[in-house]
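The structure under discussion appears below in the form of structure tokens.
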Amino acid sequence: MSVVVLEGISKQFGRGGTTAVQGIDLEIDEREFVSLIGPSGCGKSTLLRIIGDLIEPSSGKAVVNGKTARQARVQRDYGIVFQDAVLYDWRNVTKNIALPLELAGWSRKRRQDRVREMMELVELGDFGSHYPWQLSGGMQQRVSIARALSFDPPLLLMDEPFGALDEMTRERLNLELLRIWEQSGSTIVFVTHSIAEAVFLSTRVVVMSSRPGRITDVIPIELPQPRTAVTREQPRFFELVTRVREALHLGAELDRAAAEATG
Amino acid sequence: MSTPVAVQPLPRGRVARLVGRRLRDWIPALVVLVVVLVGWQEAYRVLAIKQFLLPKPSAIGSTFWDNRSELLHAGWLTFQEAVGGFAIGSGLGILVALALARWRFVGRAMMPYAIAANAVPIIAFAPIANAWFGDFSKASKIAIAAVLCFFPVMVNTLRGLTSVKPQSLELMRSYAAGEVEIFRRVRIPTALPFMFTALKVASVLAMIGAIVAEYFGGSFSDLGTLIRSQYQVFAYEDAWAGILVACAFGIAFYLAIGLLERLVLRWQPSTSE
Amino acid sequence: MSAIAVEPPGQRDVGSVWRAAARALLFVAVLAAFWGLWEGYRALWIHEAWTWPFAVDSSTMPHLHDVIRALFKPPSSGTGNKLITLLLHSAVFTAKEAAVGFALGASVGFLLGVVLSQSRLLQRGILPFVVASQTIPILAVAPIVVVYLGSIQVAAWFSVAVIAAYLTFFPVTINTLRGLHAADRRALELMRSYAAPRRTVLWKLRIPSALPYIFSALRVSASASVVGAIIGELPSGIQQGLGGEILVFHQYYSLDPTQLWATNIIAAALGIAFFIVIAIAERLVVRRAPENVA
């Protein structure tokens, strides 16, 4: 069953202004982990937000979880994680994770149980009473992930969630994210700048190029599951990284050719 | 695997958090106060400041003590006017800020007018307020104090309400949260620090507004008229005693708001002045 | 919305003409709405004879056109000229006091802010008193200042300037202090890597970083200096300024209320004029987006 179906999606900003994305066709199945990768300005974040009905497409159709994107948002079919953890300073960790549950009208008992479950999932069990400013960047992102998953959405949208963290924390959180993905059984759409991260995490990598933003290639990643630290050292891993890199370069060349043609 | 990195400990001691800073931090100010008082007391010996203009602290102190009930009563009366004006002006300011944040289009159009209105010397309006409400009534003083408080509170609260990060709003939209929910859970908590800063400023302005309004016609038992009448009979020590009472009430009001701020904003790592 | 919209340059000129026209239209609309509200409120309250919050008649709420007309008639206080001429002269007199007071207060405030920023100990000792100083009712202290400065042969108008400075320095001090500390930490580290002496860091980094904050305070102070000048004139027996005119026309209020209202309009214009001057200066000096706060 497809969780996300995009048909002919385009988006222009302003009257006759920049084309962020054009002619996007993409299908994402249940339990997939799909990464969107490309240079700045290729529209990957815009595309993510179109899926989440945070931006309206100029044309095309977006079907999320069998409904329109708007219905999916209103019925809370997805959770979103940004590069900035966007935690509320005036709420401690427990209350931050509980936020969407409060909005959904869950009872206090149910909220408490679920929040505890989530904190165990992201391994922050002892930090319920802490405030965001007392946590490191990596821990704040884990709270953000816990919050996004708290109401058990079938879809998880992530916009460069580990972009602001150091390499080691990033690799560790990658492993944790895969574990969480497996345990929760959700579908993940993941925007990233890092080729290695995209290849390590995904079942498929969608390579995009800019001007206008479009999909140049979709590369299936058949590396064995579950992936571990060892996976990063496999020859097949390097081959796939190279393949993605080449697809990115191809996209950039097409870009340049188009720019020269139009002057 | 998940040993935490860089976690700040929860601050110990509820009193410490309440006061906001340790008592030790107040010592330099106390030292300065003592030095100034002693210097003032002895200054007339060194400088040629006329005693009658700037009496010794001891003289002011004894004058205050002699007239303390009258002075405190007058101060209390003026203080009531200030609090009344503060409540009305700040309350209206907050309400208007909420409305302007909700209907941003109106706010953006009206902003230059609000800024211009803020530049108008309200003080010039005091005699008219007295004409409206009668010279001896409290209402005119409350009105002036209220107008003085309205703008700083409105502008700063509005600023706080609209300084929410766009990603925070996206997050709320992803939860399909309505405008009311967004206000309740995001905008208002974000605005609280801004609001309290403005309330502290307003507390001082309210007192000053009340006294200036009294100058144009107050009942004979409020502080402004009292001080004025002391001047007319050249009783400078009494006038100074009155001034210091006004000061004391103003400072007390300011500190009370500051205390309220610390109670409400408990979650902040450091409440900035 | 995380839109990356950029307006293509060609379209900007047409847009800005439209926007200027729209703003002018809005201005006229606001004035008309204000006039309508005033007259409407007045008519309704008189008709219904309501007395809350105050009774409305030609004394408490004169017709706006009567107020405007009063500006062009001679004042009750004597001189043959039109009221507006008298008021403008007074406004200029008060403006002089306010301007000198503003310059004085802003300089003192700035210096105090710089000095306090150099030592936390000084801050803890002095700052509470700086804050407390603003609770002293300036109106009550004004006569003493005037008498004292008069006794050392200082002109009365300068005493008023000193009082205006008193209301001006506080926001500038607080904001200078805040602004000096707001320098980007990494920019400071860069300075340290150049082994820059403290004074250089102050002048080349901290002060430029503080400028938006300082100008934000100057906007508030500009209006405060006008307020201070008017308040200073009230108990000082100075006749030539707006404060003096307010007292005079307060006495004439029962005879002709429109004159006090007209004085208020001129006073308001003075306050706004000061504000605009600072806003223009800011646009010239600070080539960044100014903080949009009054």
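The values are calculated or read from the model by the stated rules, or taken from the named source; none is laboratory data. Only a predicted model underlies this, so the values are computations on that prediction, with no experimental measurement involved. Please note: Cβ atoms are built from the backbone with ideal geometry, for glycine as well, and neighbour counts cover all protein chains shown. In case anyone asks, the SASA skips ligands and DNA or RNA and just uses the protein heavy atoms, side chains included. Shrake-Rupley method; radii C 1.70, N 1.55, O 1.52, S 1.80 Å.
Annotations for the structure displayed:
- Averaging the sequence gap over all C-alpha pairs within less than 8 Å and six or more residues apart, then dividing by the number of residues, gives region C:62-154 a relative contact order of 10 percent.
- With the alpha-carbon atoms of region C:21-175 aligned to their principal axes, the span from lowest to highest coordinate is 63, 40, 39 Å, starting with the largest.
- Buried on complex formation within region A:14-42 (loss of at least 20 square angstrom of accessible surface versus the isolated chain, 1.4 Å probe, ligands and nucleic acids ignored): A:15, A:18.
- Apolar share of the accessible surface for the protein assembly as shown: 63 percent from carbon plus sulfur atoms, 1.4 Å probe.
- The residues of chain C expose on average 52 square angstrom of accessible surface per residue, using a 1.4 Å probe on protein heavy atoms.
- Shape category assigned to region A:17-138 from the gyration tensor of Cα positions, a/c cut at 1.5: prolate
- For chain A, the longest principal axis of the alpha carbon atoms and the long axis of helix A:93-103 meet at an angle near 70°.
- For A:133-142, mean number of other protein chain Cβ atoms within 10 Å: 4
- The dipole here belongs to the protein assembly as shown: it is taken about the Cα centre, uses +1 on the Cβ of Lys and Arg and -1 on the Cβ of Asp and Glu, and is about 960 debye.
- A simple spin-label model places pseudo-atoms 7 Å from Cα toward Cβ; at residue C:155 and residue C:277 they are separated by 1.6 nm.
- Among A:58, A:85, A:33 the positive-end extreme of the charge dipole of region A:22-120 (Cβ point charges): A:85
- Diffusion coefficient, µm² s⁻¹, Stokes-Einstein with Kirkwood Rh over alpha-carbon pairs of region A:177-243 at 37 °C and 0.692 mPa s: 254
- Average other protein chain Cβ within 10 Å of Cβ, residues C:137-150: 6
- Buried surface for the B/C pair, taken as the accessible area of each chain alone minus that of the pair with a 1.4 Å probe, is close to 4600 Å² in total.
- Solvent-accessible area of residue A:182 with every protein chain in place, 1.4 Å probe, in Å² to the nearest 10: 120
- Kyte-Doolittle mean at least 1.6 and Cα axial length at least 15 Å: DSSP H helices in chain C: C:83-117, C:138-151, C:258-285
- Percent antiparallel among DSSP beta bridges (both partners in the protein assembly as shown, rounded to 5): 55
- Computed Kirkwood radius, in angstrom, where 1/r is averaged over Cα pairs of region C:166-206: 11.3
- For the protein assembly as shown, the residue among B:93, C:250, A:112 whose Cα projects farthest onto the positive side of the dipole built from Cβ charges is A:112.
- Point-to-point label distance, residue B:106-residue B:260, nm (Cα→Cβ direction, 7 Å offset): 2.5
- Label zone at residue B:43 (point 7 Å along Cα-to-Cβ), backbone N below 16 Å, region C:107-131: C:129-130
- Residues in region C:216-237 reached by a label modelled at residue C:286 [backbone nitrogen below 14 Å; 7 Å Cα→Cβ]: C:216-222
- Probing with 1.4 Å while keeping every protein chain in the model, the per residue accessible area of region A:1-83 equals 40 Å².
- Largest GNM mean-square fluctuation across B:57, B:152, B:193, computed for chain B with C-alpha springs under 10 Å, falls on B:57.
- Average accessible surface area per residue within region A:105-263, 1.4 Å rolling probe, Å²: 45
- Amide N of region B:201-224 lying under 19 Å from the label point, which is placed 7 angstrom from the Cα of residue B:232 along Cα→Cβ: B:211-224
- Using the alpha carbons alone, the radius of gyration of chain C stands to its Kirkwood radius in an Rg to Rh ratio of 1.06.
- Per residue, the convex hull spanned by the Cα atoms of region C:142-215 measures out at 104 cubic angstrom.
- Take the convex hull of the alpha carbons in region A:185-224; its mean projected area over all directions comes to 3.3 nm².
- Per-residue SASA remark: residue A:2, around 30 Å² accessible (1.4 Å probe; ligands, DNA and RNA not included).
- Heavy-atom accessible surface that A and C bury in contact, both chains counted, 1.4 Å, Å² to 100: 600
- Here the scattering of region B:122-273 is modelled by Debye summation over its C-alpha atoms, one equal scatterer each and no solvent; at q = 0.12, 0.21 Å⁻¹ the log10 of I(q)/I(0) is -0.66, -1.21.
- Size descriptor, Kirkwood hydrodynamic radius, that averages inverse alpha-carbon separations across region B:193-273, Å: 14.2
- Gap separating the Cα centres of region C:178-203 and region A:80-111, nearest whole Å: 39
- Drop in accessible area of at least 30 Å² in the complex versus isolated chain, residues of region B:198-222, 1.4 Å probe: B:204, B:208, B:211, B:212, B:215, B:216
- Accessible surface buried once A binds B (1.4 Å probe; total of both sides; Å²): 3100
- Nearest-20 debye value, region B:136-273 charge dipole, Cβ charges on Lys, Arg, Asp, Glu: 520
- Bins of 10 Å, starting at 0 and running to the largest distance - Cα pair percent for the protein assembly as shown: 2, 10, 18, 20, 17, 14, 10, 6, 3, 0, 0
- When both bridge partners sit in chain A, DSSP labels roughly 55% of those beta bridges antiparallel.
- Here chain A has an Rg and Dmax of 18.8, 63 Å, counting Cα atoms alone.
- If you take all other residues with their beta carbon under 13 Å from the beta carbon of residue C:188, and give Lys and Arg +1 and Asp and Glu -1, the sum is +4.
- Region B:161-193 and region A:152-231 have Cα centres spaced 29 Å apart.
- Adding -39500 (n - 2.57) for every DSSP H run of four residues or longer, then dividing by how many residues chain A holds, sets the calculated 222 nm ellipticity at -12500 deg cm²/dmol.
- Computed over chain C, the per-residue total of -39500 (n - 2.57) for DSSP H runs of n ≥ 4 gives a 222 nm mean residue ellipticity of -24500 deg cm²/dmol, rounded to 500.
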